[in-house]
Amino acid sequence: MAAPPVAIPIPSDAVASEERPRKLWREILETSILTIAVFALARMSVQSYRIAGTSMEPNFTEREFVIVNKLAYLTREPRRGDVIVFQHPDAGTGDLIKRVIGVPGDTVEIRKGRVYINGLPTTEPWPLIEHEYDAGPVLVGVDKLFVLGDNRADSRDSHVWGLLDRETLIGQAWLTVWPFGESGMIRHEQPAIQLTVPSS
C-alpha cells in the first residue's frame, strides 16, 4: 500500500524572499499610477503663462509669470474685472491676457478713453495707462466677452478685433509667481458703475 502524500512545509524565509520582489513591484506600480494621475490633474487644472508684451502694464509686466486657473469658469461665468487668459482670436498666434470689461447683455462704449456700461460711466479700480479713444457702442452677445488691456495706449483687444468667444477661454489668471518680489494672488475687482450720467 502506497504511503499517503505528505505536505512538506516551505521555510518561512523562502516565502518571504518570494513575496518581497512582488511587493516591491506592486508599490512601484501604485506609486507610478498615482504620480501620473496627480500630474494629469495638475495639467487639467492649472497652467503657467509668461506675459509677453506691454498691453497689461502697469499691473502685469513683460516676462512676468502667472499661474492660470483652468477650472475657474466650470461653475461660474466670467465677471467684469476678471483677468483672463485665452486663445488669440487669430488661431495660431499664441495666447493673450486681458481684463473682462463687458459680459453678455452689456452694451459697452468707450468715450475719450472712459468705459461706459449700458450708458453709464464706470470707475475702474485698477491702475491704468490711459489713452483717449472712442469705440462702440457694442452689445455683448451670448457666449461673448468684451476685453481690454490695462495699457489702453498699447493694447490690441476688443476695441480692435471685436468680441471674444467664450469658448476660447483658457482660464483666470490666479497667481503671480515671478518675479518673487511681486508674487501673490491676483485681485479681480469689479468696476464701479455710476448710477446717474453726469450732466456735463
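Coordinate-derived values only; no laboratory data. Every value quoted in this text rests on a predicted model; they were computed, and no experiment measured them. Backbone-built Cβ (ideal geometry, glycine too); neighbour counts: all protein chains shown.
Some observations on this one:
- Of all DSSP bridge pairs formed entirely within the range 46-193, close to 95 percent run antiparallel.
- The phi-based Karplus calculation (6.51 cos²θ - 1.76 cosθ + 1.60; θ = phi - 60°) puts the 3J(HN,Hα) values of the range 165-172 at 6, 4, 5, 7, 4, 9, x, 9 Hz, whole numbers, x for Gly and Pro.
- Gain upon complete extension [Arg111, Trp178; 0.36 nm per residue less C-alpha separation]: 20.6 nm
- Projected onto their three principal axes, the Cα atoms of the range 51-117 cover extents of 33, 31, 24 Å, largest first.
- Note on the range 46-193: Rg/Rh from C-alpha atoms, Kirkwood Rh, equals 0.93.
- With neighbour counts taken as other beta-carbon atoms within 10 Å, the residues Leu139, Leu195, Leu163 rank, fewest first, as Leu195, Leu139, Leu163.
- Taking N as its residue count, the alpha carbon Rg of the range 72-111 over 2.2 N^0.38 Å: 1.34
- Cα Rg, Dmax (largest Cα-Cα span) when computed across the range 125-200, Å: 15.4, 47
- In summary, the lysines within cross-link reach of Lys98, defined as a Cα separation below 17 angstrom excluding same-chain residues under 8 places away, comprise Lys70, Lys144.
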